[in-house]
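J.: I have a structure here, written as structure tokens, and I will follow up with some questions on it.
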Amino acid sequence: MTDNGSSAPTGSGPSQPRRRRRANRPSDGPSTIRDVAVQAGVSVATVSRALAGNYPVSQATRARVMAAVESLHYVVNVHAKALSGGVAGPIAMVLQDITGPSLAHVAAGVEQEAAARGRLSLVCVTHNDRDREDALVQLMREQHAAAVVLVGGAVMDDAYHERMAEYARVLDAAGSRLVLCGRPPLTSSLPVTVVDYDNRGGAFQAMDHILGMGHRRVLFLGGNPLMSSAEQRRTGYRQALRAHGVPYAEELDVSGLYTRASGYQRTRAALQEGPDFTAIFAGTDMVAVGALAALREAGLTVPGDVSLVGFDDVPFATDLTPALTTIRVPYEELGRTAVRLALERDPSLADDHVVLSTQLVIRQSVRPPGAHHGDQARRSS
């Protein structure tokens, strides 16, 4: 039998039509490079050279090879080609969740820049599971990803720094690059790229606008204080208070989740139990939506009774009633910059660190407070 093709004739003998029909049978599984070589009447090495395009092959031979590839529906083993450096590695984005609008826009930026550079982009979700994150980073290393982009805030404890340092080292050893997107840099010099945005400055802008309108009792619906981005926004909130000579009131600084439900619950509790406030600075636009619902439920209007500012500038912010004053974060640019820096990095530099600016977008949800706003808020609850 000659089923391996090693001693079969390559001309027009009677065995050739049988081999072609056999290679085309779906039950035989995918065609191999040996099947292409046999049908084209050339060696496996010649097929490899013709497909790679990096070795002189005559036009006639290349034409026979490509005709055989088309006839047999042969698909190149991309993994094997990647091992030889013949395929550009993908860009892998690893994030906790894909349902949030801000993370979706980061993913869009990663995909756009990766596609523009002829790279495949992959989205991997951890569901806040550290073991899963470890496994995904290892899998992307094995898949020869050009970059692994970790997106979103993180708890900046010693365990986190140790894990990030290990990620950076193992990826660098495999020719890949760790990119921290929306996270602050690590404390030590490591082969890592950091693309962050100005959380502190954005929060300061938001509060500066509120305080500049005359508000002095501002309820801050912040995030988990253990998370890097939430703590930076809290720092901006406090710095603005100091800049305007307004005493910090701990009862107005209320931590929670960055969700609509949390924004609603925290605002409702503040209306029912105190403290008095005339404005709300919500840590995200989703939190602001929940706060808006709680205020309306209590019979209060925005900005007539309570002013409201968000953070993110997600697409629906401008469609709210009133349109939401918020801080614009360049999420898509964040994703594009992460890919660009990872692929264009200077090998002589151990690390890269870029901070993108944020911008106050003024709409209709803030106005100066009335003489009795705080009392009215309490009575309406």
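J.: Is one or more of the residues making up the stretch 323-344 polar (S, T, N, Q), assigned by TED's automatic domain parsing to the domain that holds Ala230 and over 21 Å from Gly100 (Cβ atoms)?
T.: no
J.: Report whether or not Val170 is under 20 Å from Asp196 (Cα atoms) and not assigned by TED's automatic domain parsing to the domain that holds Arg234.
T.: no
J.: Here is a check on your reading of the model: is Tyr248 part of a helix (DSSP H, G or I), of a type in the set (Ser, Thr, Tyr) and either touching a Cys at 6+ places or on another chain (Cβ under 6 Å) or more than 22 Å from Thr358 (Cα to Cα) (or both)?
T.: Judged against the criteria, Tyr248 is not a match.
J.: Let me ask another. Would you confirm, using the coordinates I've provided, whether Gly299 is modelled with pLDDT of 95 or more, assigned to a loop (DSSP other than H, G, I, E, B), more than 31 Å from the chain's Cα centre (by Cα) and more than 20 Å from Thr325 (Cα to Cα)?
T.: yes
J.: Within the bounds of the stretch 129-138, is there any residue that is surrounded by fewer than 15 Cβ atoms within 10 Å (Cβ to Cβ) and assigned to a strand (DSSP E or B)?
T.: There is no residue in the stretch 129-138 that is surrounded by fewer than 15 Cβ atoms within 10 Å (Cβ to Cβ) and assigned to a strand (DSSP E or B).
J.: Continuing with the same structure: If I go through the stretch 88-122 residue by residue, how many of them are more than 10 Å from the chain's Cα centre (by Cα) and either acidic (Asp, Glu) or surrounded by fewer than 18 Cβ atoms within 10 Å (Cβ to Cβ) (or both)?
T.: Within the stretch 88-122, the first condition is being more than 10 Å from the chain's Cα centre (by Cα), and the residues that meet it are 88-91, 99-101, 112-122.
So of that shortlist, the ones also either acidic (Asp, Glu) or surrounded by fewer than 18 Cβ atoms within 10 Å (Cβ to Cβ) (or both) come out as 88, 99, 101, 112-113, 115-118, 120.
Residues that pass the stated criteria total 10.
J.: In the stretch 272-285, what count of residues is obtained for those that are in contact (Cβ under 8 Å) with a residue 12 or more places away in the chain and either surrounded by fewer than 23 Cβ atoms within 10 Å (Cβ to Cβ) or assigned to a strand (DSSP E or B) (or both)?
T.: Looking only at that region, the number is 8.
J.: Considering the stretch 358-374 alone, what residues qualify as being in a loop (DSSP other than H, G, I, E, B), modelled with pLDDT of 95 or more and over 12 Å from His215 (Cβ atoms)? Talk me through it step by step, then tell me what you get.
T.: Going residue by residue through the stretch 358-374, those that are in a loop (DSSP other than H, G, I, E, B) are 358, 362-372.
If we keep only those that are modelled with pLDDT of 95 or more too, we end up with 358, 362-368.
Those that are in a loop (DSSP other than H, G, I, E, B), modelled with pLDDT of 95 or more and over 12 Å from His215 (Cβ atoms): Thr358, Ile362, Arg363, Gln364, Ser365.
J.: Another one. Could you tell me which numbered condition Leu219 fails, if it satisfies all but one of (1) free of Cβ contacts under 8 Å to residues at least 24 places away in the same chain; (2) in contact with an Asp or Glu (Cβ under 9 Å, 6 or more places away or on another chain); (3) aliphatic (A, V, I, L, M)?
T.: Against the list (1) free of Cβ contacts under 8 Å to residues at least 24 places away in the same chain; (2) in contact with an Asp or Glu (Cβ under 9 Å, 6 or more places away or on another chain); (3) aliphatic (A, V, I, L, M), Leu219 comes up short only on (1).
J.: Of all residues being of a type in the set (Lys, Arg) and surrounded by 15 or more Cβ atoms within 10 Å (Cβ to Cβ) in the stretch 57-87, which is modelled with the highest pLDDT? Just the residue, please. Quick ask: steps written out before the conclusion?
T.: Filtering the stretch 57-87 for residues of a type in the set (Lys, Arg) gives 62, 64, 81.
Then drop every residue that is not surrounded by 15 or more Cβ atoms within 10 Å (Cβ to Cβ), which leaves 62, 64.
Numbers: Arg62: 88, Arg64: 91.
It comes out as Arg64.
J.: Would you please name the residue that is modelled with the lowest pLDDT, looking only at residues in the stretch 306-336 that are among the β-branched types (Val, Ile, Thr) and buried (at least 23 other Cβ atoms within 10 Å of the Cβ)? Break it down stepwise before answering.
T.: Pass one, the stretch 306-336, residues among the β-branched types (Val, Ile, Thr): 306, 309, 314, 318, 321, 325-327, 329.
Filter again for buried (at least 23 other Cβ atoms within 10 Å of the Cβ), leaving 306, 309, 314, 325-327, 329.
On the way: Val306: 97, Val309: 98, Val314: 91, Thr325: 98, Thr326: 98, Ile327: 98, Val329: 96.
Applying the filter and picking the extreme gives Val314.
Each row is one residue, and each column tells you yes or no for (1) in a strand (DSSP E or B); (2) of a type outside the set (A, V, I, L, M, F, W, C); (3) surrounded by 17 or more Cβ atoms within 10 Å (Cβ to Cβ); (4) without any contact (Cβ under 8 Å) to a residue 12 or more places away in the chain.
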{"residue": "Cys124", "(1), (2), (3), (4)": "yes, no, yes, no"}
{"residue": "Met140", "(1), (2), (3), (4)": "no, no, yes, no"}
{"residue": "Val148", "(1), (2), (3), (4)": "yes, no, yes, no"}
{"residue": "Ala159", "(1), (2), (3), (4)": "no, no, no, yes"}
{"residue": "Glu166", "(1), (2), (3), (4)": "no, yes, no, yes"}
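J.: Right, here's the next one. Scan the stretch 178-196 and tell me whether some residue there is in a helix (DSSP H, G or I) and either β-branched (Val, Ile, Thr) or without any contact (Cβ under 8 Å) to a residue 12 or more places away in the chain (or both).
T.: Checked the stretch 178-196: no residue is in a helix (DSSP H, G or I) and either β-branched (Val, Ile, Thr) or without any contact (Cβ under 8 Å) to a residue 12 or more places away in the chain (or both).
The values are calculated or read from the model by the stated rules, or taken from the named source; none is laboratory data. This is a predicted model, so every value here is computed, not measured. As a convention, Cβ positions derive from the backbone with ideal geometry for all residues, glycine included, and neighbour counts pool all protein chains shown.
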